[in-house]
Amino acid sequence: MNSGEIIGLIHNEPIPAGQPNWESSADVMVQVEAIEEALTGLGYRSVPISFTRDLSRFVDTVKEQRIACAFNLCESVDDNPQLIAHPAAVLELLGIPYSGSGPAALQSTTDKHLFKLVLRGAGIPTPGFLLFDGRFNASPHELLYPVILKPQLQDASIGIDQDSVLESAAQLKEKIAVFYEKYGPILVEEFIHGREFNVSVMGNTDLQVMPAAEIDFSGLPKDLFPIVGYQAKWDPDSIEYRETKRTFPLLDDVLYKNVKDAALRCYRLFGLRDYGRVDMRVDDGGQVYVLEINANPCLSPDAGFAAAVLQGGLDYQGMVGRLIELLDDRRT
C-alpha cells in the first residue's frame, strides 16, 4: 500500500450519551482516533466513515473519498449487534479490501447459541447450555448450577452482571422471563469456577498467539461472582471495574499449551482473519472451556487485544502497521 492511497475507517454511529449502554457504544470513536493517529505516524492517509442503515449515503461517501481499503471497526449497525456482519458484506460487494474477519465469522461468533452449537459439534469443550426463546429448548434441570444468563445476540457484556448469575433452577424459573422481555432470547450457560483467560491471535496463514491475559478477581468482595460483566468493562466508578484487573502471568508449559491450542482451534474453526480473541475458563482440574470468541475485538489502546500485542513485543503503531501488512497481502 502506498502513502497516496486513502484508508477508510469504517465505524458504527455511537448512540447518544446517557442512553442505555452508551458507554460501550462510544468506545468505537476511541478506536477511530487511535488508529487514525497511528496511520498518520506510519505515513498513511485515512478518513472516518460511519456505517448506518442509510446505505446510499455510505456508498456515496466511499466513492467520493476514493478509499483503497478499510479498517472495519463496526460493532453494530444503528446499535443493533445482530447486523454486525453487514458492513463487511457491503465492503465485499463494493470490492474494497478491509481488515478483520468476514461476514460469516462475524455473524456466527456474535450469535452465542449458534457459536456454542458449532463448538459442541467440533468437540471443543464449552460449558453446558440451553436457549430460552420464550420457552426452554431443553430442561433447565439438566444444567449444573450456578448458571449465567447471556443475551443471545448482544455484545460488549450488555445484559451481563451480578444479577445474571443464578444458583438454582428455581431462581432461573423466577427470573428468566424478565431477562427475555428486556433482551430477547437468552443463553443459559453453566458457570465455570476457575481462572479466566483471554487469548489474542494475529495473522492468517502464519498465526501468532500473544501472551495469555488472565483476569485477576482476587480483589472482588467475596459476595460478588467473579465475572467480567458490563460494569466491569464500562463503569469506572464500580468496584467490578476496579477489581477485575488484566494480568499477564507466567503460565506453566502445560496450561499455556492448552489455552493456546484452544485459541488456535477456535480461530481456524470459525475462519477468523487478521486478528481475534478467544475467552475461556480453566477449572481446578485443568480443563479448558471456551466461553466466547470475539472476531472483531476492540482495538482501543487500553483494550485487551492491544495490551496482549504489546506484551508480545509490538507497540500500538506497530500493531496497526502489522494489520496493514495483513490487509495488503489480500490485495496482491
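Read-outs throughout are calculated quantities, based only on the coordinates presented, and are distinct from any laboratory measurement. Quantities reported herein were computed from a predicted structural model and do not represent experimental measurements. Neighbour counts are summed over all protein chains in view; Cβ atoms, including those assigned to glycine, are modelled from backbone coordinates with ideal geometry.
Annotations
- For the chain, modelled as a GNM whose springs connect Cα atoms under 10 angstrom apart, the maximal fluctuation among V90, V178, V147 occurs at V178.
- Computing FRET efficiency as 1/(1 + (r/R0)^6) for R246 and R45, where r is the C-beta to C-beta distance and R0 is 35 Å, gives about 0.60.
- Trypsin sites (Lys or Arg not before Pro), loop per DSSP, at most 16 other Cβ atoms within 10 Å - longest free stretch of the chain: 223-329
- Charge context of S101, other residues only, Cβ under 10 angstrom, K/R +1, D/E -1: 0
- In straight-distance terms, cross-link reach from K260 covers every one of the lysines whose alpha-carbon lies under 16 Å from its own, apart from those fewer than eight places away in the same chain; here that gives an empty set.
- Taking amide hydrogens as placed 1.01 Å from N in the peptide plane, the amide H of S99 sits under 5 Å from those of A70, F71, N72, each at least 5 positions away in sequence or on another chain.
- Count of lysine pairs in segment 63-217 with Cα separation under 14 Å (8 or more residues apart, or interchain): 4
- Between D78 and A169, full extension at 0.36 nm per residue minus the direct alpha carbon distance yields a gain of 29.2 nm.
- Angle between the chain longest axis and helix 22-41 axis [Cα atoms, degrees, rounded to 10]: 40 degrees
- Prolate/oblate/rounded label for segment 6-100 (Cα gyration tensor, a/c 1.5): oblate
- Surface/4 of the Cα convex hull for segment 193-329, nm²: 8.6 nm²
- Under the criterion of Cα pairs below 8 Å and six or more residues apart, the relative contact order for segment 151-226 equals 25 percent.
- The local environment of P140, defined by Cβ-Cβ distances under 14 Å, has a net charge of -3 under the rule Lys, Arg +1 and Asp, Glu -1.
- Using the Karplus relation 6.51 cos²θ - 1.76 cosθ + 1.60 with θ = phi - 60°, the per-residue 3J(HN,Hα) values for segment 185-197 come to x, 10, 7, 9, 10, 4, 7, 9, 7, x, 8, 10, 10 Hz, with x marking Gly and Pro.
- Computed FRET value (nearest 0.05) for V178 with D302, which takes r as the C-beta separation and R₀ as 35 Å: 0.55
- Cα gyration tensor, segment 179-270 - rounded (a/c under 1.5), prolate or oblate: oblate
- Highest GNM mean-square fluctuation among G100, G194, G219, for the chain modelled with Cα contacts below 10 Å: G219.
- Length gained on full extension, W22 to D235: 75.6 nm, using 0.36 nm per residue less the C-alpha separation.
- Angle between the chain longest axis and helix 316-329 axis [Cα atoms, degrees, rounded to 10]: 70 degrees
- The dipole here belongs to segment 6-100: it is taken about the Cα centre, uses +1 on the Cβ of Lys and Arg and -1 on the Cβ of Asp and Glu, and is about 380 debye.
- Counting neighbouring beta carbons within 10 Å and listing from fewest to most, the residues Y316, Y267, Y256 come out as Y256, Y316, Y267.
- Couplings for segment 231-239, taken from phi via the Karplus curve 6.51 cos²θ - 1.76 cosθ + 1.60 with θ = phi - 60°, read 4, 4, 8, 10, 10, x, 7, 8, 5 Hz in order; Gly and Pro are left as x.
- Nearest-20 debye value, segment 228-332 charge dipole, Cβ charges on Lys, Arg, Asp, Glu: 360 debye
- Degrees separating the helix 55-65 axis from the principal Cα axis of the chain, which is the longest one: 40 degrees
- Relative pair counts by distance (%), Cα atoms of segment 124-190, 10 Å bins: 23, 61, 16, 0
- Over the chain - Rg/Rh using Cα atoms and the Kirkwood inverse-distance radius: 0.96
- Charge dipole (Cα centre; +1 on Lys/Arg Cβ, -1 on Asp/Glu Cβ; no other charges) of the chain amounts to roughly 800 debye.
- Virtual spin-label span in nm between A122 and N137, 7 Å along Cα→Cβ: 1.8 nm
- Close amide H pairs (under 5 Å, H built 1.01 Å from N) link R195 with V282, residues at least 5 positions away or on another chain.
- Its relative contact order, with pairs defined as Cα atoms under 8 Å and 6+ residues apart, puts the chain at 18 percent.
- Residues with amide H under 5 Å from that of F51, placed H, sequence gap 5 or more: H11, N12, E13
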